[in-house]
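Undergrad: After the structure tokens below, expect a handful of questions from me.
Please treat every number below as a calculation from the coordinates, not as lab data. In this text the structure is predicted, and so the values were computed from the model without any measurement. As a convention, Cβ positions derive from the backbone with ideal geometry for all residues, glycine included, and neighbour counts pool all protein chains shown.
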Amino acid sequence: MTPRTLSPQAFGMLLLLACMFGANHVAARVALDHGVDVATAVAVRSLGTAAVVGALVLWHRVPWVLTPRQWRALPAIALLVAVQSGCLYSAVARIPVGLALLAFNTYPLWTAFAAWAIYRHRPERAVLVAMPVILLGLALALDVSGMASGLSAQAQWSRIGAGVAFALTAAATFGLVLALTQHEIAGVDSRLRTAFTMGLVGAVALAITQLLGGLHWPNAMAGWWGLVALTVLYGTAFTIMFSLLPRLGVVGSSPILNVEPVAALAMAWLVLGQAVAPVQIVGALIVVGTVMTLGLRRR
């Protein structure tokens, strides 16, 4: 469905979800700034979400019937989600939250590339047209030239390079996840695959924490608030997505959710004091608007 056919309640709920997912990343930055490491944040968030969505699976008695091909694909996809989660939180820890999410928002391009590389599906013309527009908007938002920041391009990239690389890796990995999901496990109930994926992601992250000397808990009260908030926001958003949205007439994901980076920019400015230049805001709107247009196009 497009926003033209959404009820006011569904439209408002989608906007709320976008804000909740954005707030999750702002809360993650607070936790990461106060002693929590990426593996701990991913482990706590994922295991908490797996518990919530797993309860939905049991409550609705979702059958655990999968084909052999689906059983092979699901763990591989879950491991890719673990990589994506770690990379995105690593990006959030290094550059402004909204900019990290904007770089991550290039995932539709990576999805098209993965579908072409693996399944030989030719990208749609709309995707090819959108590609340079998204990249232009991203270049403005990230201030790749350093002009908005008053820095040289080299100085700007030394400041944001690692974070952008993590965000783009997360986008590429998520694009691969979406391509595999569409072609390998599309028939699996979304609640079941989310519970399985989040459980395995949490287990992988927990194992990594043990290799790094154990869980790294917050060293200040703000960090505890951030860790709790990111877990509650993420788990609650997924619960709403799977339990309430279908009743409101929302089928699948909606382009409205792509306003998440803009919401994150506003919240990061209010909570973290992460300000961006006007030209970066223009770039952000270009990226979000183009991605939403891709999602709203007729198929």
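Undergrad: Quick one: 3J(HN,Hα) in Hz for segment 143-159, Karplus 6.51/-1.76/1.60 with θ = phi - 60°, rounded, Gly and Pro as x.
TA: 6, 5, 7, x, 5, 5, 8, x, 10, 6, 4, 5, 5, 5, 6, 5, 8
Undergrad: Still on this structure, I have one more. Net charge near residue 49, counting Lys/Arg +1 and Asp/Glu -1 over other residues with Cβ under 14 Å of its Cβ?
TA: Net charge around residue 49: +3.
Undergrad: List the residues, sorted by chain then number, that are 5 or more residues from residue 36 or on another chain and whose placed amide H is less than 5 Å from its amide H.
TA: Close amide H contacts, sequence-distant or interchain: 219.
Undergrad: Once each part is reduced to its C-alpha centroid, what is the distance from segment 95-124 to segment 29-67 in angstrom?
TA: Distance between centres, Cα-based: 24 Å.
Undergrad: Using per-residue counts of other Cβ atoms within 10 Å, averaged over each peptide, order 192-203, 208-219, 278-289, 7-18 from highest down.
TA: Answer by packing, highest mean first, reads 192-203, 278-289, 7-18, 208-219.
Undergrad: Tabulate in residue order the Karplus-calculated ³J(HN,Hα) for segment 78-91, using 6.51 cos²θ - 1.76 cosθ + 1.60 with θ = phi - 60°, rounded to whole Hz; enter x for Gly and Pro.
TA: 4, 5, 5, 5, 4, 4, 4, 5, x, 5, 5, 5, 5, 5
Undergrad: Could you order the peptides 115-123, 98-106, 84-92 from most to least packed, using the average number of other C-beta atoms within 10 Å per residue?
TA: 98-106, 84-92, 115-123
Undergrad: Something else: Once you have all Cα-Cα distances for the chain, histogram them in 10 Å bins from zero and send the whole-percent values.
TA: Going out from 0 Å in 10 Å bins, the chain shows 6, 26, 37, 24, 6, 0 percent.
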